[in-house]
Structures are given as structure tokens and as C-alpha cells.
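Undergrad: What follows is a single structure, and I will ask about it in a moment.
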Amino acid sequence: MSSQKIVFLGPPGSGKGTQAQRLAAELGIPAISTGEMLRTAVEDGSELGRRVQGVMERGELVSDELMAEVVRDRLARPDAEHGFLLDGYPRTAPQADTLDGILKERSGDLDHVIYLEVPAAELVDRMLSRGRTDDTEEAVRERLRVYRSATEPLVERYRVSGVLREIDGDRSIEQVEESILAAVSVS
Ligand code: ADP
């Protein structure tokens with residue numbers, strides 16, 4: 001049983017969701033995708049869903065305060081007690097601060113930040129071909145802009161703290177998975 005705490009970082013369309021699912025299954029820890037949690041909330045028409053729907057359709061970010069509540073609640077569930085994999089969080093510096101605070105309370109640091117690198121042209125193609133309802137061309141371009149300005153700076157932060165694992169995401173799903181498994185030292 002693994003007790004690793006892992007974050008997936010990378011632009012929209014970089015394959016985070018696919019690889020996060022695979023790695024989480026391999027390690028026996030929950031894959032927690034904030035995007036998926038929010039999409040489910042929208043589909044269910046819950047209060048959270050009604051609050052985030054418009055923001056998501058425009059490709060903008062849900063507020064750091066609301067995301068802090070969502071992530072804090074999710075990480076407090078028993079299945080995340082002995083490790084977890086976060087996909088889509090943190091996406092801003094304040095979100096990274098929130099995660100640091102949560103980890104401090106639990107007395108355990110992040111083990112790995114898996115950073116998936118994929119060329120920009122490839123990202124737009126991938127997103128437009130997956131056909132998700134929030135993947136209109138306008139929203140896709142906005143999500144890339146938001147990623148560059150708000151999320152990409154986190155790469156440096158995690159590099160400095162020594163947990164960044166850079167992975168070339170511009171390869172087959174299996175090849176990328178193999179590199180990730182090597183990076184978290186699972187053979
Ligand atoms: P992608 O894989 O394209 O990056 P996600 O499924 O991770 O998309 O997220 C979809 C949408 O959900 C985002 O565009 C954003 O509106 C919202 N969202 C997800 N995670 C966060 C977060 N950590 N902070 C703010 N908004 C978020």
C-alpha cells in the first residue's frame with residue numbers, strides 16, 4: 001500500500017487525467033480530479049454546480065476560496081488518508097499555499113509533482129478532438145491563457161522545493177506512463 005502524495009501539473013490537454021487514473025490505480029490511492037468533481041456538480045445541478053457553471057464554460061478559474069473548500073473536504077475523506085493524487089489542483093499560487101497548509105496539518109509533504117510537458121500546438125488539437133462540453137475553441141484558448149499566467153509559475157516553485165518530475169508528454173500513453181512510474185520509483 002502506497003502512501004504517496006502526488007500532484008499532476010501540466011497544461012490542459014497534456015494527458016493529466018489519463019495518466020493520473022493509471023498511476024492512482026497502480027499505487028492504490030484515489031485520483032482526485034477537481035475538474036471532474038466540478039463537472040459532476042454541474043451535471044447534478046447541485047449548489048456548487050450552479051455556482052461554477054458559467055465560469056467553467058468560459059474557461060476561467062473557479063475562485064481560490066471555493067476551490068479550497070472543495071479540496072479540503074475531499075482530502076478529509078478516509079480514502080485519502082494514506083496518500084492521494086491530485087489532478088487539476090493547485091492551479092494558482094494561493095491554491096498551492098492552501099495545499100501546503102493542508103499538508104502541514106497532516107504532517108506530510110508532497111512526494112512528487114509530475115509535470116507533463118506537451119507543445120502548445122498539440123494541446124489545442126487534443127482538446128478539440130476529445131469533445132467535452134466545455135471544450136469549445138474559445139474556452140480552450142482561454143484555458144491555455146489562464147494556464148500560462150496562473151499555473152505555469154508553479155513549475156518553478158516545485159522545482160525549487162525539489163519535488164518536480166519533468167515528463168515528456170508528447171509520446172504514446174504507454175511511454176508516458178512508463179516514465180511516470182520510473183519517476184515515482186515503482187517498477
Ligand atoms: P483541463 O484538463 O482542460 O485542464 P479540468 O478538467 O482540469 O480541465 O478543469 C476544467 C475546468 O474546471 C477548468 O477550466 C476550471 O474552470 C475548473 N477548475 C478545475 N480545477 C480548478 C482549480 N483548481 N481552480 C479553479 N478552477 C478549476
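The values are calculated or read from the model by the stated rules, or taken from the named source; none is laboratory data. Owing to the predicted nature of the structure, the values given are computational and were not obtained by experimental measurement. Counting neighbours? That spans all protein chains shown, and the Cβs are built from the backbone with ideal geometry, glycine included. Calculation scope for accessible area: heavy atoms of the full protein, side chains included, ligands and nucleic acids excluded. Shrake-Rupley method; radii C 1.70, N 1.55, O 1.52, S 1.80 Å.
Undergrad: List the relative contact order of the chain as a percent without decimals, with contacts defined as Cα pairs under 8 Å and 6+ residues apart.
TA: Details: 258 pairs, mean separation 62.6, N = 187.
The value is 33 percent.
Undergrad: Using alpha carbons only, how many angstrom separate the centre of the range 114-153 from the centre of the range 30-79?
TA: Going from one Cα centre to the other spans 18 Å.
Undergrad: Compute the distance in nm between two label points, each set 7 Å from the Cα along the Cα-to-Cβ direction, one at Arg58 and one at Ala120.
TA: 2.3
Undergrad: Where the only charges are on Cβ atoms (+1 Lys, Arg; -1 Asp, Glu), what is the dipole of the range 54-132 about its Cα centre, to the nearest 20 debye?
TA: Working: 10 positive and 17 negative charges, 51 e Å.
In debye, rounded to 20, the range 54-132 gives about 240.
Undergrad: Further question on the same structure: So between Arg157 and Ile102, what do we pick up on full extension, going 0.36 nm a residue minus the alpha carbon distance? Mind showing how you got there, number by number?
TA: Details: separation 55, 0.36 × 55 = 19.80 nm, distance 1.73 nm.
My answer for the length gained is 18.1 nm.
Undergrad: Could you list, bin by bin from short to long, the percent of Cα-Cα pairs of the chain in 10 Å steps?
TA: That works out to 9, 38, 39, 14, 0, in percent per bin.
Undergrad: Another question about this same structure. So, for the range 5-184, what is the accessible surface per residue at a probe of 1.4 Å, expressed in square angstrom? Don't skip to the end; give the middle numbers.
TA: Details: 8760 Å² over 180 residues.
Normalised by residue count, the accessible surface of the range 5-184 is 49 Å².
Undergrad: First measure r as the distance between the Cβ atoms of Asp170 and Asp79, then evaluate 1/(1 + (r/R0)^6) with R0 = 35 Å and state the FRET efficiency to the nearest 0.05.
TA: Working: r = 32 Å, r/R0 = 0.92.
Result of the calculation: an efficiency of 0.60.
Undergrad: With charges only on Cβ, +1 for K and R and -1 for D and E, what is the dipole size of the chain about its Cα centre, in debye, rounded to 20? If you can, show how the numbers build up before the last one.
TA: Numbers: 24 positive and 35 negative charges, 31 e Å.
In total the dipole reaches around 160 debye.
Undergrad: Can you send over the carbon and sulfur percentage of the accessible area for the range 1-160, probe radius 1.4 Å, protein chains only? Write out the running numbers ahead of the final one.
TA: On the way: 3770 of 7830 Å².
Here carbon and sulfur together make up 48 percent of the probe-accessible area.
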